[in-house]
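Here, each number is a calculation from the coordinates, and none is a lab measurement. As the structure is a prediction and not an experimental result, all values here were calculated from the model. Cβ sites come from the backbone with ideal geometry, for glycine too, and all protein chains shown count toward neighbours.
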């Protein structure tokens, strides 16, 4: 059990740090390109920023789901990458159909994957709210 908690925590920490770094990189890129974006129409600029934010968040979550799946196969919890991806996706999103389960040796590790998704979706939501709030405030000031 201690091993599951340890490795689950390592995975949670690695995925969360990766997610934070990717999001911070994106936010800094937006800030660095604000002069270029301000040259565009507000609609085009908003679409680039919002669309880019969605793309970055989606890519980050997808890579994390793959990391969980690869970890499950590597640890021997699941034998096929296809099953591991499916399990990882439904666990990471906390959907949890229950049609594919882990043995007792890996249950806590699997639960840590759901905590990873829960925390990182929360961070993603906060970033989206911040981006949308900033865009809406900027557009209100221009009107």
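A few comments on the model shown:
- Filtering segment 1-27 to residues that are over 16 Å from residue 123 (Cα atoms) and assigned to a helix (DSSP H, G or I) leaves 2, 3, 4, 5, 6, 7, 8, 9, 10, 11.
- If the condition is being over 12 Å from residue 136 (Cα atoms) and either loosely packed, with under 11 Cβ neighbours inside 10 Å or touching a helix residue (DSSP H, G or I) at 6+ places or on another chain (Cβ under 8 Å) (or both), then segment 31-44 contributes 31, 32, 35, 36, 37, 38, 39, 40, 41.
- All positions within segment 46-64 that are free of Cβ contacts under 8 Å to residues at least 40 places away in the same chain and surrounded by 16 or more Cβ atoms within 10 Å (Cβ to Cβ): 56
- Residues of segment 67-111 classified as under 17 Å from residue 15 (Cα atoms) and surrounded by fewer than 16 Cβ atoms within 10 Å (Cβ to Cβ), total: 4
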